[in-house]
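Trainee: After the structure tokens below, expect a handful of questions from me.
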Amino acid sequence: MHLSLPGARLPVKWILAVGLLVSLLAGCEQDGNGGAPAGAGGRPPPEVYVVRVEPRSVDVMEEYAARVRGSREVEVRARVQGILQERLYTEGQVVEAGEPLFRIDREPYQIELQRARAELANAQAELNQAQREWRRISTLFEQNAVSERERDSALSARELAEARYALAESGVANAELNLDYTEVRAPLAGMTGLESFPEGSLIERGTLLTTLTQQDPVHVRFSLPEGDAALQRAARRAMATNGEAEQREATLTLPDGSEYAETGIVDFTDSTIDPRTGSVSARAVFPNPNGEVVPGQFVRIQLLVQTLDDVFRIPQEAVGQGQAGARVFVVVDDVAETRTVSLGPIVDGEQVVLSGLEDGDLLVVNGHVALQEGMPVSVNEVESHEEALQAAEDEAAAAEAEAEAEAAQPDEEA
């Protein structure tokens, strides 16, 4: 029977709506009976990427700002006064120990040496005469030919002559020493600085002439935070036993960012904490055979602070925050579980976990943002966090390409 009344097509819309409602109710009934896929609203379980963790030993390195200094920095001073005649080195060059650096006018000291030697000869003559007189008087005294007073006088004259001779000898030695001091020599091997006075200057005793810096080895000075007590104690033990106890190795990063090839040893830490900074001064010694490290440079020093055993290294992104503190997700029988963990330092961009994980746990490293405790998951096990990121990027790219293809399909049909 055909209906021709106005609005006869309205019941068809209602029929379609009722059909859709019936389908939804049927779907809900299937969910209640377990017929739908696992996951909220019938959606498949979320996909996560996991890595299998295992305990290991981790070396904890710390880096500090530091400044390079010469192992010895010596002021070269004049030990006699006079006119500075000549500089015998090139400023800035490396000199050996004992190498002459300056020459002061020698003539006054040569004359002084001649005078001292003349006084010594005079004292020697007086001593010879006193000894002869003593031998003669002592012989006569044994023969009872002279009195005891005369014998004592001869003995005193000999002793006074011996004293004057010794004084004259010291005068000669002092004159020779002063003459030798007119040639100023390097007290150690090192790099020379600028001269303080030019040739022709009148130099007083003790005048600073230049400086010498020993550059092999070099000292690297830095400050340790107050909390690095283990490193401080180890360095002090090494210092107390002349380096025979436990020593901490150190490496350097030069100002241009390159790694210095030589390895150093921390040999000193101060015994007190600086109240202004809360830090402890420390020093490391580095070989510098080629002069690559220059005193005065700012560098970065890296130290092995401690070694942690039976800990886990995981990506920092895998760690979240829960009510009980830091937490991670692990997968047990395709179900996500939370684990509260105790965190250690960050080493090479990875988070050290001190406790809360067990050997063989499947740690969620990607896809954990929307996870909840007890949520079923679809597991993809990978070897590393980088592999998980790459796989996620590949999936995202594939989904984007698929979406673009579906969006382009109606245009092609049209």
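The values are calculated or read from the model by the stated rules, or taken from the named source; none is laboratory data. Since the model is a prediction, treat every value here as computed from it, not as a measurement. Ideal geometry is used to build each Cβ from the backbone, glycine not excepted, and the neighbour counts take in all protein chains shown.
Trainee: Taking the condition modelled with pLDDT of 90 or more, closer than 28 Å to residue 71 by Cα, among the hydrophobic types (A, V, I, L, M, F, W, C) and surrounded by 18 or more Cβ atoms within 10 Å (Cβ to Cβ), does residue 266 pass?
Mentor: Criteria not met by residue 266.
Trainee: Next up: Looking only at the stretch 49-72, how many residues end up being part of a strand (DSSP E or B) and exposed (fewer than 15 other Cβ atoms within 10 Å of the Cβ)?
Mentor: Matching residues across the stretch 49-72 total 7.
Trainee: One residue is enough: does the stretch 108-122 have a residue meeting the conditions acidic (Asp, Glu) and either within 30 Å of residue 356 (Cβ to Cβ) or outside the structural domain of residue 173 (by TED's automatic domain parsing) (or both)?
Mentor: Within the stretch 108-122 (the criterion being acidic (Asp, Glu) and either within 30 Å of residue 356 (Cβ to Cβ) or outside the structural domain of residue 173 (by TED's automatic domain parsing) (or both)), the answer is no, since none of the residues qualifies.
Trainee: Moving on. What is the residue count in the stretch 289-332 for residues that are more than 20 Å from residue 366 (Cβ to Cβ) and out of contact with any helix residue (DSSP H, G or I) (no Cβ under 7 Å at 6 or more places or on another chain)?
Mentor: The qualifying residues number 23.
Trainee: I've got another one for you. Would you pick out the residues in the stretch 269-294 that are buried (at least 20 other Cβ atoms within 10 Å of the Cβ) and not in a strand (DSSP E or B)?
Mentor: Those that are buried (at least 20 other Cβ atoms within 10 Å of the Cβ) and not in a strand (DSSP E or B): 288, 293.
Trainee: Any idea how many residues of the stretch 137-158 are surrounded by 12 or more Cβ atoms within 10 Å (Cβ to Cβ) and not hydroxyl-bearing (Ser, Thr, Tyr)?
Mentor: Summing the residues that are surrounded by 12 or more Cβ atoms within 10 Å (Cβ to Cβ) and not hydroxyl-bearing (Ser, Thr, Tyr) in the stretch 137-158 gives 11.
Trainee: So, residue 170, is that one under 30 Å from residue 206 (Cβ atoms) and without any contact (Cβ under 8 Å) to a residue 24 or more places away in the chain or not?
Mentor: Judged against the criteria, residue 170 is a match.
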